[in-house]
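*Asks:* Before I ask anything, here is the structure I am working with.
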Amino acid sequence: MITVIIPTYNRYDMLVEAVESVLAQTYSHFEIIVVDDGSTDQTPDLFHSAYPRITYIYQVNQGPASARNRGVRSALGDWVAFLDSDDLWKPDKLEHQVNALEHHPHYAIAYTGEEWIRNGKPVVQRNYQAKYSGWIYPHCLERCIVGLSTVMMHRSIWESVGGMDESLPAAEDYDLWLRLAWLHPFLLIDMPLVIKRDGHPGQLSHQWGLDCYRVKSLEKMMSEPLLISPLKNITRYELCRKCEVLIKGFQKHYKNEEAEYYKQLKESHMPAHIHF
């Protein structure tokens, strides 16, 4: 059985559409857990009336990482899949993943392509947004190439890395993929089986400064004693590159203390022969 985990916060209308996209799946052996991270809209009423068979968990607002961890702890399935409440699944999403994982049993995590919609209009995917199969760690360093709503994974590998880092208010998915991708290969199902709805209020993914959290994740990987040297070298390079972006951004906004912090951090990691 698959446990589908949907974290949400004050997205009543979009949440209904997300839930309906799961209920419309051609693969039917799943349970749904909605973790409400402190909504103040009509969300709590929805699951007492329209969806009584869906497991609904309410918690005081603690952020999306906490909500997803809570969902996994409550899961009955050996496999978990995630759907953000502003995204949608196409009807055959789970079926394609189940079939692919049955044919490739050495994989414990599979993800798919995405179809992006911004303000109701399709968005053309750029070359730099390409996705990869296999050992994808190097591709995960620059940006988050794995859409969380596309992922299905065996619960054991989520638990083996301790789930999501709840200290991160954003970029928690980027952090998770780094911690998983050097240990496990990812199976790509190169089909747009998830609809990403972009451009609505409340999204964090386009705000400047998210590299602050990504740098924390890269520092975490640099402190991993078992990370092999080639991977550590490219991790170091990306950490220094992101620090340089942050330095310039903070200097532009006259935040000299923050700029100095990242300057010192970059210098502590940057080999003498690397210059930006």
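*Asks:* Which of the listed residues, ALA100, PHE82, ALA65, is farthest toward the dipole's positive end in the stretch 57-112, when Lys, Arg count +1 and Asp, Glu count -1 at the beta-carbon?
*Replies:* The residue sitting farthest along the positive end of the dipole is ALA65.
*Asks:* While we're looking at this one, here's another question. What translational D, rounded to a whole number of µm²/s, comes out for the chain from Stokes-Einstein when the hydrodynamic radius is the Kirkwood one over Cα pairs, at 37 °C and 0.692 mPa s?
*Replies:* 166 µm²/s
*Asks:* Which far-off residues, 5 or more places away or on another chain, put their amide H under 5 Å from the one on TRP79, with H placed in the peptide plane?
*Replies:* Amide H to amide H, under 5 Å and 5 or more residues apart or across chains, TRP79 pairs with THR3, ARG155.
*Asks:* How far is helix 12-23 tilted, in degrees, relative to the longest principal axis of the Cα atoms in the chain, given as a value from 0 to 90 rounded to the nearest 10?
*Replies:* Taking Cα atoms only, the helix is inclined about 70 degrees.
*Asks:* Using 0.36 nm per residue, how much length does the chain from ASP198 to TRP135 gain when fully extended, once their Cα-Cα distance is taken away?
*Replies:* 19.9 nm is the gain from fully extending ASP198 to TRP135.
*Asks:* Still on this structure: Looking only at the chain, where both bridge partners belong to it, what percent of the DSSP beta bridges are antiparallel (to the nearest 5)?
*Replies:* 35 percent
*Asks:* So, in nm, how far is label VAL123 from label LYS232 when the simple model puts each one 7 Å beyond its Cα toward the Cβ?
*Replies:* Each label point is offset 7 Å from its Cα along the Cβ direction, giving 3.7 nm.
*Asks:* In degrees between 0 and 90, to the nearest 10, how far off the longest principal axis of the chain does helix 211-222 point, with axes built from Cα atoms?
*Replies:* 80 degrees
*Asks:* Do any of LYS216/LYS266; LYS196/LYS242; LYS131/LYS248; LYS196/LYS252; LYS232/LYS252; LYS196/LYS220 go past 20 Å between their Cα atoms, and which?
*Replies:* The pairs that break the limit, which is 20 Å between Cα atoms, are LYS196/LYS242; LYS131/LYS248; LYS196/LYS252; LYS232/LYS252; LYS196/LYS220.
*Asks:* Label GLU31 and HIS253 with points 7 Å out from Cα along Cα→Cβ: what is the distance between them in nm?
*Replies:* Inter-label distance under the simple model: 4.3 nm.
*Asks:* Right, here's the next one. Considering the options HIS29, SER49, TYR9, tell which one lies farthest towards the positive end of the dipole of the stretch 1-94, charges being +1 on Lys and Arg and -1 on Asp and Glu at the Cβ, about the Cα centre.
*Replies:* HIS29
*Asks:* With a point put 7 Å past each Cα toward its Cβ, work out how far THR40 is from HIS103 in nm, to one decimal.
*Replies:* Once both label points are built, they end up 5.0 nm from each other.
A short reminder: the numbers here are calculations on the coordinates, not readings from a lab. Note that this is a predicted model, so its numbers are computed, not measured. Positions of Cβ are generated from backbone atoms using ideal geometry, with glycine treated the same way; all protein chains shown enter the neighbour counts.
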